[in-house]
Amino acid sequence: MIFTWVMLTAAAVFGYLAYDAARLSTPAKDVPYSLTAKGWDEDVAHVSLAEQQKRKQYNATRGIGDLSQSVWLFGVLCVGCLASAGYSFYA
């Protein structure tokens, strides 16, 4: 029975994380390079705007800065935990 509660709690956490990632999700091409660089602890003060635009396009082609994959990941984990809790409850 404790496993069921753990899985339900995990499903609630993953559900919230999926909701939060969906709320914050924007296409990678719309994310400014300065925000991506800040996440990597890079200083953009010495980088020209043209170079920042090139790096932003490079990141957009690889999906860096896009949270849509995180939405799917947390959504699948939430559903998996709910299924596991349901199976353990009825088993």
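One table, with the values for the structure above:
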quantity: With Cα atoms, 0 to 90° folded angle of helix 68-90 axis to the chain main axis; calculated: 10
quantity: THR4 - accessible surface, heavy atoms, 1.4 Å probe, Å² rounded to 10; calculated: 10
quantity: P(r) of segment 20-80 over all Cα-Cα pairs, binned every 10 Å from zero, in whole percent; calculated: 22, 44, 23, 9, 1
quantity: In order through segment 49-59: 3J(HN,Hα) via Karplus (6.51 cos²θ - 1.76 cosθ + 1.60), integer Hz, x for Gly, Pro; calculated: 5, 5, 5, 4, 5, 4, 5, 5, 5, 4, 5
quantity: Summed side-chain charge close to GLU42 - residues other than GLU42 whose Cβ falls under 14 Å, Lys, Arg +1, Asp, Glu -1; calculated: 0
quantity: Rounded to whole Hz, the Karplus (6.51, -1.76, 1.60) HN-Hα couplings of segment 6-19, x for glycine and proline; calculated: 5, 5, 5, 5, 4, 5, 5, 5, 5, x, 5, 5, 5, 4
quantity: Length released on extending from ASP43 to VAL13, taking residue separation times 0.36 nm less the Cα-Cα span; calculated: 7.4 nm
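The values are calculated or read from the model by the stated rules, or taken from the named source; none is laboratory data. Please read all numbers here as calculations on a predicted model, not as lab measurements. No Cβ is skipped: glycine too gets one built from the backbone with ideal geometry, and neighbour counts run over all protein chains shown. For accessibility, only protein heavy atoms count, side chains too; no ligands or nucleic acids. Shrake-Rupley method; radii C 1.70, N 1.55, O 1.52, S 1.80 Å.
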